[in-house]
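Reviewing the structure listed below.
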Amino acid sequence: MEEEKIICGSLFEDDYLIRSLGGGIASQPEVALTELVANAWDAGATEVKIFIPEERGQRLTIEDNGIGMSQEEFHNRWMKLSYNRIKHQGKKVVFPKGVERTRFAYGRNGVGRHGLLCFNDTEYYIATTKNGKMLTVTITTQIKGQPIAITNENESDIDKNIHGTKLEVIVSQNLPNVEKIRDIISAKFLHDPHFTIEINRVCLQLEDLKGNLGRTTIKIADTNISLEAYFIDSQKSSRKSLYQGIAFWQGGRLVGEPSWILGQEMVLDGRTTLAKRYTFVISTNDLSDEVKEDWTGFRNTATMKKVYNEVSAYVNEKFAELSRSSITETKIRIKQDLKEKLKDASPLTLYEIDEAIESISIESPKATPESYNIAIEAIINLEKSKNGRELLQKLAKFNEDDIDGLNQMLDKWTVKDALIVLSEIDKRLTIIEAIRKLSKDPNIDELHILHPLVTEARWLFGPEYDSAEYISNRQLQTVINTLFKDKVIKRKDINYQKRPDIVCFDNSTMSVTGTEDFDAENDLSTVAKILIVELKRGGFKITRDERNQAQNYTGDISFSLPNAKINTYVVGDNIADNVERMVTAGRNEVGKVFVSTFAQLVDTAEKRLFGLRDKLSSMYDDVPGMDLYRDANAKLKFKY
């Protein structure tokens with residue numbers, strides 16, 4: 001294939017390389033220097049010497065005794081943007097002659113080598129020696145159209161036993177703090193007797209895992225990954241680590257920063273005593289492919305999810321062992337903290353408190369001292385209550401979601417407030433479920449069962465009816481008795497003194513209630529709004545005859561009480577196809593007649609209860625309709 005003629009090459013902004021470094025390399029001294037130390041490690045160095053000046057305008061240097069680079073290697077590696085180290089050199093480090101070791105490289109994308117641009121974004125200097133040749137170059141970012149370029153280059157002969165690389169830069173920005181850099185880099189690399197780091201002639205003490213309480217090998221299923229897990233007590237180590245949490249070390253270099261969060265799971269609250277005292281180190285050579293290019297953490301992969309799960313299980317088991325071994329100490333501390341509240345406790349209560357402490361220590365080894373105290377105080381208070389034991393048994397069966405939900409509820413409500421609200425919701429749901437289950441049974445007595453339920457659920461017909469103002473006033477009773485005196489069936493099983501608003505027909509029962517108001521002109525009490533509910537027996541189909549009958553007596557009432565607005569509902573099990581669902585009636589059409597089914601009432605209730613009936617329906621699924629009626633009857637104290 002003939003070589004194609006290039007019409008236009010790539011163009012680069014002047015600050016292209018600076019912006020492409022990422023990961024803080026171009027702006028954070030500790031990140032830049034950590035990357036340059038890692039480069040020395042990858043070059044097979046056994047020592048790295050860093051000198052940080054006191055002021056800007058002076059030279060910062062980094063020198064290592066690694067394998068160095070030839071002129072050709074320098075051009076192909078250092079000058080190639082995003083150089084893929086793994087592809088061209090492999091995972092293992094190549095050492096200078098005479099050094100026989102095995103070491104895994106950190107670098108992969110060729111970015112960290114430009115860390116000196118953090119301190120001067122225009123140029124830096126390199127002297128690298130290999131095989132008796134020293135190459136010195138000046139690197140600049142100021143050549144137009146070139147992200148990086150060599151402006152001065154010289155190669156000279158030198159002693160063949162000398163090898164390594166020296167980097168220099170005149171600091172114009174981001175002057176590092178020497179003590180801070182020492183602390184950070186010390187915590188970024190595990191101790192290796194064949195790798196030392198010196199900053200301003202002070203040799204760093206790298207992380208040495210002193211205070212180790214135990215070492216465990218963790219094998220990750222279905223992979224070739226092996227982890228060495230260390231449980232560290234910071235109080236027993238020679239110095240405190242800069243970090244706390246679970247630290248992952250790939251090839252002896254810290255990945256990201258230690259944390260008590262693995263993936264999306266928080267293993268331990270970092271504010272607890274346990275978190276502040278103990279650290280876990282997970283060391284391996286097998287996770288290089290999972291590390292992000294800037295070493296700020298791991299990639300989000302299925303392999304890392306497996307690693308996190310295994311490490312989390314290991315950490316939890318170690319804390320469980322620690323908690324079980326310190327149960328006696330925990331008991332002594334808690335009893336000392338609560339000695340005033342325990343001074344009058346019975347032997348049985350003290351025994352149960354001991355049991356509770358042991359249970360919490362085993363089941364929740366990461367519980368804080370505050371959590372223990374709260375739990376024991378709750379036991380003391382519950383023991384004083386006659387229902388305390390029963391409540392404890394219920395709490396013991398709560399799952400995590402129930403416990404979290406209860407905690408959130410008690411943040412906003414008192415127990416009394418919650419009981420009032422929950423009691424009202426339960427009452428309404430019980431009534432609706434009873435109506436749903438009983439309305440299709442033709443043998444159900446609508447007078448004594450369905451009608452009391454519907455009457456107590458007037459809110460089904462509109463929120464305005466859910467009011468104590470709805471009463472059976474005498475003016476309305478007089479009108480009803482006059483209108484229906486020839487149609488009413490007097491039943492011996494109903495006390496009309498207690499329920500004067502009830503009207504009984506052959507196949508239905510009607511209740512009439514209304515609100516009183518004061519006439520502005522004469523200050524006399526008058527009926528303002530009337531709700532009429534006619535319930536058919538279970539299984540009854542409503543036809544035009546029933547609708548027309550309701551329309552007629554709605555009209556009659558409107559002429560007797562001309563100032564009242566009337567809403568009439570005829571409710572049955574089902575409705576004939578040719579029946580209109582709403583018609584107007586009465587004088588000036590002040591009345592409206594609605595034809596509805598019991599199922600529609602239940603659906604309306606679902607909406608008015610914000611979907612709670614559907615969400616909580618499992619509570620009532622196995623309860624027979626009559627049992628629900630009796631439950632509602634007891635709650636509402638119906639008396640007929």
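Only one of these is more than 25 Å from Val602 (Cα to Cα), assigned to a strand (DSSP E or B) and at pLDDT below 85: Ala528, Ala520. Name it.
When all the criteria are applied, what remains is Ala528.
Looking only at the stretch 28-80, how many residues end up being under 15 Å from His163 (Cβ atoms) and among the charged types (D, E, K, R)?
Qualifying residue count, the stretch 28-80: 6.
Among the residues of the stretch 224-243, are any in contact with a Pro (Cβ under 6 Å, 6 or more places away or on another chain), at pLDDT below 90 and of a type outside the set (A, V, I, L, M, F, W, C)?
Yes, the stretch 224-243 contains a residue that is in contact with a Pro (Cβ under 6 Å, 6 or more places away or on another chain), at pLDDT below 90 and of a type outside the set (A, V, I, L, M, F, W, C).
All but one of (1) closer than 23 Å to Arg182 by Cβ; (2) in contact (Cβ under 8 Å) with a residue 60 or more places away in the chain hold for Glu54; state the number of the condition that does not hold.
Of the numbered conditions (1) closer than 23 Å to Arg182 by Cβ; (2) in contact (Cβ under 8 Å) with a residue 60 or more places away in the chain, the odd one out for Glu54 is (2).
Going by what's in this entry, would Arg537 be described as in contact with a Pro (Cβ under 9 Å, 6 or more places away or on another chain), of a type in the set (Lys, Arg), at pLDDT 70 or above and closer than 20 Å to Val454 by Cβ?
Taking the combined requirement at face value, the residue satisfies it.
Name the one entry in Thr284, Thr330 that is surrounded by 17 or more Cβ atoms within 10 Å (Cβ to Cβ), under 19 Å from Gly245 (Cα atoms) and more than 27 Å from the chain's Cα centre (by Cα).
Thr284
Given the conditions (1) at pLDDT 75 or above; (2) crowded, with 18+ Cβ neighbours inside 10 Å; (3) basic (Lys, Arg), which single one is not true for Lys366?
(1)
What number of residues in the stretch 248-292 are over 25 Å from Tyr106 (Cβ atoms) and part of a strand (DSSP E or B)?
3
Determine if the stretch 97-111 includes at least one residue that is at pLDDT 90 or above and over 25 Å from Val291 (Cβ atoms).
no
Given the conditions (1) crowded, with 16+ Cβ neighbours inside 10 Å; (2) part of a loop (DSSP other than H, G, I, E, B); (3) of a type in the set (Ser, Thr, Tyr), report the number of the one that Tyr124 does not fulfil.
(2)
Could you list, in sequence order, the residues of the stretch 208-223 that are at pLDDT 90 or above and buried (at least 16 other Cβ atoms within 10 Å of the Cβ)?
Listed by number, the residues that qualify are Ile218, Ile220.
Quick check on the stretch 23-51: of everything there that is more than 25 Å from Val93 (Cα to Cα) and part of a loop (DSSP other than H, G, I, E, B), which residue is modelled with the lowest pLDDT?
Gly24
Asp506 - would you say it is of a type in the set (Asp, Glu), over 56 Å from the mean Cα position of the chain (by Cα) and at pLDDT 85 or above?
No; evaluated as a whole, the condition is false for this residue.
Kindly list, by first and then second residue, each pair from a residue in the stretch 191-204 that is within 15 Å of Thr34 (Cα to Cα) to a residue that is modelled with pLDDT of 85 or more and exposed (fewer than 14 other Cβ atoms within 10 Å of the Cβ), limited to pairs with Cβ atoms under 8 Å and residues at least 6 apart or on different chains.
Short answer, once both residue conditions are applied: Thr196/Cys203; Ile197/Cys203.
Given the criteria modelled with pLDDT under 75 and of a type in the set (A, V, I, L, M), does Ile332 qualify?
It is false that Ile332 is modelled with pLDDT under 75 and of a type in the set (A, V, I, L, M).
Quick check: is even one residue across the stretch 55-63 in a loop (DSSP other than H, G, I, E, B), closer than 15 Å to Tyr124 by Cα, modelled with pLDDT of 85 or more and touching a strand residue (DSSP E or B) at 6+ places or on another chain (Cβ under 8 Å)?
Scanning the stretch 55-63 turns up at least one residue that is in a loop (DSSP other than H, G, I, E, B), closer than 15 Å to Tyr124 by Cα, modelled with pLDDT of 85 or more and touching a strand residue (DSSP E or B) at 6+ places or on another chain (Cβ under 8 Å).
Can you tell me which residue within the stretch 242-267, out of those that are closer than 28 Å to Lys92 by Cα and aromatic (Phe, Trp, Tyr), is surrounded by the fewest Cβ atoms within 10 Å (Cβ to Cβ)?
Trp249
Name the residues in the stretch 301-327 that are touching a residue at least 12 places away in the same chain (Cβ under 8 Å) and not in a helix (DSSP H, G or I), would you?
Within the stretch 301-327, just Ser326 meets the criteria.
Can you list residue pairs whose Cβ atoms sit under 6 Å apart, with the first residue in the stretch 575-595 being farther than 18 Å from Phe461 by Cα and the second being part of a loop (DSSP other than H, G, I, E, B) and at pLDDT 90 or above? Count only pairs 6 or more apart in sequence or on different chains.
From the stretch 575-595, the pairs are Ala576/Thr543.
Return yes when Tyr83 is at pLDDT 90 or above and of a type in the set (Ser, Thr, Tyr) and no when it is not.
no
Between a residue in the stretch 66-85 that is under 21 Å from Pro96 (Cβ atoms) and any residue that is outside any loop (DSSP other than H, G, I, E, B) and among the polar types (S, T, N, Q), which pairs come within a Cβ distance under 8 Å, given they are 6 or more apart or on different chains?
Gly66/Thr165; Gly68/Thr128; Gly68/Thr129; Gly68/Thr165; Met69/Thr128; Met69/Thr165; Phe74/Thr128
The values are calculated or read from the model by the stated rules, or taken from the named source; none is laboratory data. Small disclaimer: the values here were computed from a predicted structure and weren't measured. All Cβ positions, glycine included, derive from the backbone under ideal geometry; neighbour counts span all protein chains shown.
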